[in-house]
Each structure stands twice: as C-alpha cells, then as structure tokens.
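The values are calculated or read from the model by the stated rules, or taken from the named source; none is laboratory data. Fair warning: this is a prediction, and the values are worked out from it, not measured in the lab. Ideal geometry is used to build each Cβ from the backbone, glycine not excepted, and the neighbour counts take in all protein chains shown. Just so you know, the surface numbers come from the protein's heavy atoms only, side chains and all, with ligands and any DNA or RNA stripped out. Shrake-Rupley method; radii C 1.70, N 1.55, O 1.52, S 1.80 Å.
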Amino acid sequence: QVQLVESGGGSVQAGGSLRLSCAASGYSGSRKTLGWFRQAPGKEREGVASIYTGSGTTYHADSVKGRFTISQDNARSTVYLEMNSLKPEDTAMYYCAAAASGNRWWVPRQASEYAYWGQGTQVTVSS
C-alpha cells in the first residue's frame with residue numbers, strides 16, 4: 001500500500017523559512033508525479049507545487065513562485081518543499097500527494113488528479 005508521510009511543519013514568524021519533506025513507500029517515484037497541496041480552514045484545497053519525477057519538470061503556483069521550491073531526492077521517492085519568505089497567508093495544513101499521470105511537459109495541478117495522500121503537516125506563520 002502506498003504511504004506518504006510528511007514532516008517538517010511548524011510555527012514560524014513572517015519572513016521565516018521551513019523545509020517540508022515527504023517520504024513515499026510502496027510507490028515508485030519514477031515516471032510519477034509528487035506534489036504539495038495546502039488547505040486552510042474554510043478554504044478549498046490548493047495546489048502549491050508538483051514535480052514529475054521522470055524528468056524533474058516542476059510546477060509552482062503563482063502564489064508561491066519565487067518563494068517555494070519543490071525538489072526530489074536521487075531515488076525520486078522523496079519530495080521536498082523549501083519555503084522561504086513565509087507569509088501569514090501561507091498558514092495551512094500541507095499535504096503531500098502522488099499521481100500516476102504527468103509527463104515532461106505537463107504536471108498535474110488539480111487535487112482530483114492525485115490518488116494518494118499523506119496525513120498532512122501544519123504550517124503556521126505569524127505576523
């Protein structure tokens with residue numbers, strides 16, 4: 001069974017940084033897509049960043065572009081989200097997810113395209 005375990009969340013002040021990690025097991029990262037989503041209370045789940053492991057092609061939402069960076073390890077089974085210049089509006093539960101689709105020119109962006117999800121890790125940014 002596929003398992004995705006997030007870690008690295010916490011509480012920081014605006015302008016601070018955090019590095020999230022998602023370890024995948026029972027799942028091959030090769031030629032798959034791993035992504036990060038976030039959801040704040042009362043808000044829709046939002047795609048943050050994704051990476052197609054077959055080529056390293058990435059997608060970053062406009063709201064985090066230039067501040068967040070998604071990356072993968074050499075085994076392509078672990079995905080990271082480096083978050084810099086954090087803002088209070090970044091406060092949310094962050095989820096790691098995996099999708100079977102994707103290619104070197106397209107990375108799935110919608111939550112409905114991801115079949116597997118982690119338990120989430122909370123990120124809280126105070127002003």
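Things to note:
- Taken over segment 98-127, the criterion of being among the β-branched types (Val, Ile, Thr) and outside any strand (DSSP E or B) is satisfied by Val107 alone.
- Long-range neighbours under 6 Å by Cβ, at least six apart or interchain, first residue on the phi > 0 side of the Ramachandran plot within segment 102-115, second surrounded by 11 or more Cβ atoms within 10 Å (Cβ to Cβ) and not in a loop (DSSP other than H, G, I, E, B): Gly102/Thr33; Gly102/Tyr52
- Residues that are open to solvent by 10 Å² or more (accessible area, probe 1.4 Å) and not small (Gly, Ala, Ser) were ranked within segment 95-113; the one that is nearest to the chain's Cα centre (by Cα) is Tyr95.
- Of all the listed residues (Arg104, Arg67), the sole one being over 15 Å from Trp36 (Cα atoms) and out of contact with any helix residue (DSSP H, G or I) (no Cβ under 8 Å at 6 or more places or on another chain) is Arg104.
- Among the residues listed as Ala40, Ala75, Ala14, the single one being hydrophobic (A, V, I, L, M, F, W, C), modelled with pLDDT of 95 or more, farther than 18 Å from Gly118 by Cα and surrounded by fewer than 19 Cβ atoms within 10 Å (Cβ to Cβ): Ala14
- Condition met for Ala92 (open to solvent by less than 50 Å² (accessible area, probe 1.4 Å) and free of Cβ contacts under 8 Å to residues at least 60 places away in the same chain): yes
- Residue check for Val125: in contact with a Pro (Cβ under 8 Å, 6 or more places away or on another chain) and either among the hydrophobic types (A, V, I, L, M, F, W, C) or open to solvent by less than 80 Å² (accessible area, probe 1.4 Å) (or both): yes
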